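Colleague: Before anything else, here's the structure in question.
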Amino acid sequence: MRAFRLTAFHRIALLLAFLCLAPVLHAQKDSWQTFSYPSEGFSISLPSAPTMNSQEVPTEVGTFQLRAYLVESNSAALYVGICDYGEKALGRDPQTVLKGAKEGAVSNVKGHLIRERAITLGTAPGVEFEAENDTLHFFARIYFVGTTLYQTLTAAPINDPYPYVMRFEDSFQFIPRTR
């Protein structure tokens, strides 16, 4: 009889714990917001407001400003990067630009490519890929629009995958760009 009470007690305790946690879990799921950046030409859904920074990045055709929007969520990092190559990108083959960006991203993290595929968002050509290094798994999409490269990337520990990768990645949209 004692074992039955203990089991019933545990069931009730688990039910109460679930009922107490359900609003918290629901709030975390629904706390995502869409952030729009008309000057950059995109919107994205994130679990919190991103920090933005910019840096000069040297490339084979010159130095360019990379603007990065970053959110840390649990043990993952969610990243959107924008780099406008201006006149230097006019007439360049989009697939060549995308290939160079993908290879540069994998090289920068000292990783190896797991898979890749060609994608589009609207009419914008892109590449989606996954890569890993010794500690992190990366899921990325890169698009080339006019003279601007857009990158979305999720990085998470190999043994702790981020459950909302596709929610983040699929929320990226182009919006009319203002300057």
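Read the figures in this text as sums done on the coordinates, not as results from a lab. Everything quoted here is computed from the prediction, not taken from an experiment.
Colleague: Calculate, in nm to one decimal, what N159 and I114 gain on full extension: separation in residues at 0.36 nm each, minus their alpha carbon distance.
Modeller: Details: separation 45, 0.36 × 45 = 16.20 nm, distance 1.59 nm.
Between N159 and I114, full extension yields 14.6 nm more.
Colleague: Write down, largest first, the equivalent ellipsoid semi-axes of region 44-123 in whole Å, where each equals the square root of 5 times an eigenvalue of the alpha-carbon gyration tensor.
Modeller: Each semi-axis is the square root of five times an eigenvalue, giving 23, 17, 14 Å.
Colleague: Please work out the Kirkwood hydrodynamic radius for region 32-174, using every pair of different C-alpha atoms, and report it in angstroms with one decimal place.
Modeller: It is 15.4 Å.
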